[in-house]
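Visitor: Would you mind keeping the following structure in view while I ask a few things?
The values are calculated or read from the model by the stated rules, or taken from the named source; none is laboratory data. Every value quoted in this text rests on a predicted model; they were computed, and no experiment measured them. When we count neighbours, we look across all protein chains shown, and the Cβ atoms used for this are built from the backbone with ideal geometry, even at glycine.
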Amino acid sequence: MPGPGYASFGDEERRNIAEVLDAWQNTVGVHSQPVAQDSQCRRLEREAASRLASPHCLTVNSGTSALLTAFAALGIGPGDEVIVPGYMYVACLSAVAYSGATPVLAEIDESLTLDPADVLARITPRTRAIMPVHMLGASCDMDALTRIAREHDLLLIEDAAQACGGTYRGRPLGGIGEAGAFSLNVFKVVTGGDGGLLLTRDAGTFQRAYSFHHHGWFPYARETGPGDVLLGLNLRMGEFGAAVARAQLARLDDVLARTRALKRELTAAIGTRDGVAERVLHDAEGDCATVAVYVFDDREAAEEVASGLGSKTLLHSPKHHYGGLPELRALADPDHPSCPFRPVEPPARGHTYRPGALPRTDDVLSRSLALTVGLTDTYLGADFGVDVFSRPHDIAAAAEKFRATRDAVLG
Ligand SMILES: *Cc1c(COP(=O)(O)O)cnc(C)c1O
């Protein structure tokens, strides 16, 4: 089972899809539906802006498109560096690269998110932006990153793809920086099948983002002026995806209440002991609780427990750990067959994309094990645990199996 929203769909999703078909039947010959104010996309934008407490929201066809659109709207491109954590999703790096900018990898810490001290060390005169990635549903250290961004005049582009509905000190994730990207693919907290959202507080950024995602159009020009016409693409969300996503967004609070209750029950039953600790959270209350991560003191112990449970440590998260991304070689090598339109400029500080470049990231991921709490995703290393349908005896059984495996290894 993918994400907790996917597992929880019901009549509202079906009803909204039927509404799209009914609307099509009733408006034969009218082709303005994708931009109409009562379209599912426009309604989802208003509802998501309200739920996620941001003045502007744009629907796009994926989380990757949301990132790409954010870079275009914020004018990030060739010659610019963007600092990205070494534990993320490959889309974080490819979106930077396809905008023409240079991704600069930075270490994570025991929170599994960007280490602010390492971000500081990677800033060069070419740095334009920092990309906090709220991995596995929980926030980065946004106070520290906001301070660094302000002091060095950098943009903060949050990747909240895995953390829809999560908060940091009461503020919804994705709405804290200059832009926030969400994914609505089936592995995320809530889903539209596929799709993405882009939040921004700035009207000009929203106008340019809209323009970029829809071939330079801007339907609000009459009210707010035309703004900049960008050479755009078609990155629009479809009406069916938006219809499903609207129903999912309406159940976001229920989905989070369920994952949070599940996680409380599971971690309480597991208990604490020496040799292993729960992942450090910068705001435990705001955690989406889609997984429960345990960080062992010792790498061998983590690996043994993982294999005893039929799972893997987070070091083996394909497409999420920079060290497991052979395609990164293409970034720096113009002769590589999958090099994008041109090689990106090498980072000013001479960092590389090679495995081993981030030893602390490798270390903490090699000691981390994620238990599923409503999100099952092999690529995130989450194979063992509980899901939204688990009953108290299932939760007790999963906790007992984890405890027994852990204690057999740790002694
Ligand atoms: C899923 C994900 C994305 C990309 O979202 P898509 O909708 O699959 O394009 C980007 N960043 C992170 C951290 C993700 O987990």
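Visitor: Taking the range 267-293 on its own, how many of its residues are farther than 19 Å from HIS134 by Cβ and buried (at least 17 other Cβ atoms within 10 Å of the Cβ)? Step through it out loud before you land on a result.
Guide: Filtering the range 267-293 down to residues farther than 19 Å from HIS134 by Cβ leaves 267-277.
Filter once more, so that each one left must be buried (at least 17 other Cβ atoms within 10 Å of the Cβ): 267, 270, 276.
Summing the residues that are farther than 19 Å from HIS134 by Cβ and buried (at least 17 other Cβ atoms within 10 Å of the Cβ) in the range 267-293 gives 3.
Visitor: On to the next question. Within the range 360-373, identify whether any single residue is among the small types (Gly, Ala, Ser) and within 17 Å of GLU107 (Cα to Cα), and answer yes or no. Break it down into steps so the answer makes sense when it comes.
Guide: Taking the range 360-373 and keeping what is among the small types (Gly, Ala, Ser), we get 366, 368, 370.
This time we only want the ones that are within 17 Å of GLU107 (Cα to Cα), so: 366, 368.
Scanning the range 360-373 turns up at least one residue that is among the small types (Gly, Ala, Ser) and within 17 Å of GLU107 (Cα to Cα).
Visitor: Please state which one of ILE17, ILE76, ILE123 is touching a residue at least 60 places away in the same chain (Cβ under 8 Å) and out of contact with any helix residue (DSSP H, G or I) (no Cβ under 7 Å at 6 or more places or on another chain). Lay out the reasoning, then the answer.
Guide: Details: ILE17 fails: out of contact with any helix residue (DSSP H, G or I) (no Cβ under 7 Å at 6 or more places or on another chain); ILE123 fails: touching a residue at least 60 places away in the same chain (Cβ under 8 Å).
Exactly one of ILE17, ILE76, ILE123 is touching a residue at least 60 places away in the same chain (Cβ under 8 Å) and out of contact with any helix residue (DSSP H, G or I) (no Cβ under 7 Å at 6 or more places or on another chain), namely ILE76.
Visitor: Kindly indicate whether ALA179 is within 11 Å of the ligand (Cβ to nearest atom) and buried (at least 24 other Cβ atoms within 10 Å of the Cβ). Walk me through it before giving the result.
Guide: Details: within 11 Å of the ligand (Cβ to nearest atom): no; buried (at least 24 other Cβ atoms within 10 Å of the Cβ): yes.
For ALA179, the condition - within 11 Å of the ligand (Cβ to nearest atom) and buried (at least 24 other Cβ atoms within 10 Å of the Cβ) - is not met.
Visitor: Of the residues ARG246, ARG258, ARG222, which is in the same structural domain as PHE384 (by TED's automatic domain parsing) and in a helix (DSSP H, G or I)?
Guide: On the way: ARG246 fails: in the same structural domain as PHE384 (by TED's automatic domain parsing); ARG222 fails: in the same structural domain as PHE384 (by TED's automatic domain parsing).
When all the criteria are applied, what remains is ARG258.
Visitor: Does ASP194 fit the bill of being of a type outside the set (Lys, Arg), within 22 Å of ALA36 (Cα to Cα), part of a loop (DSSP other than H, G, I, E, B) and within 16 Å of the ligand (Cβ to nearest atom)?
Guide: On the way: of a type outside the set (Lys, Arg): yes; within 22 Å of ALA36 (Cα to Cα): yes; part of a loop (DSSP other than H, G, I, E, B): yes; within 16 Å of the ligand (Cβ to nearest atom): yes.
Against the criterion (of a type outside the set (Lys, Arg), within 22 Å of ALA36 (Cα to Cα), part of a loop (DSSP other than H, G, I, E, B) and within 16 Å of the ligand (Cβ to nearest atom)), ASP194 qualifies.
Visitor: For residues that are more than 15 Å from HIS321 (Cα to Cα) and part of a loop (DSSP other than H, G, I, E, B), tally how many sit in the range 358-401. Steps first, please.
Guide: Quick first cut of the range 358-401, residues more than 15 Å from HIS321 (Cα to Cα) only: 371-376, 383-401.
Adding the requirement that they be part of a loop (DSSP other than H, G, I, E, B) leaves 374-376, 383-384, 387-391.
Number satisfying all stated conditions: 10.
Visitor: Before we move on, is VAL133 under 24 Å from SER368 (Cβ atoms), in contact with a helix residue (DSSP H, G or I) (Cβ under 7 Å, 6 or more places away or on another chain) and outside the structural domain of PRO326 (by TED's automatic domain parsing)?
Guide: On the way: under 24 Å from SER368 (Cβ atoms): yes; in contact with a helix residue (DSSP H, G or I) (Cβ under 7 Å, 6 or more places away or on another chain): yes; outside the structural domain of PRO326 (by TED's automatic domain parsing): yes.
So VAL133 fits the description; yes.
Visitor: Let me ask you something else. Would you confirm whether any residue within the range 169-176 is within 16 Å of the ligand (Cβ to nearest atom), in contact (Cβ under 8 Å) with a residue 24 or more places away in the chain and over 18 Å from SER50 (Cβ atoms)?
Guide: No, there is no match, as no residue in the range 169-176 is within 16 Å of the ligand (Cβ to nearest atom), in contact (Cβ under 8 Å) with a residue 24 or more places away in the chain and over 18 Å from SER50 (Cβ atoms).
Visitor: May I ask you to say which residue of ALA289, ALA269 is in contact with a strand residue (DSSP E or B) (Cβ under 7 Å, 6 or more places away or on another chain), under 18 Å from GLY385 (Cβ atoms), in contact (Cβ under 8 Å) with a residue 12 or more places away in the chain and not assigned by TED's automatic domain parsing to the domain that holds CYS164? Show your work before the answer.
Guide: Numbers: ALA269 fails: in contact with a strand residue (DSSP E or B) (Cβ under 7 Å, 6 or more places away or on another chain).
Just one listed residue meets the conditions, ALA289.
Visitor: Pick from THR205, THR224: which is more than 16 Å from the ligand (Cβ to nearest atom) and more than 23 Å from the chain's Cα centre (by Cα)? Working first, answer last.
Guide: On the way: THR205 fails: more than 23 Å from the chain's Cα centre (by Cα).
Within the list THR205, THR224, the selection yields THR224.
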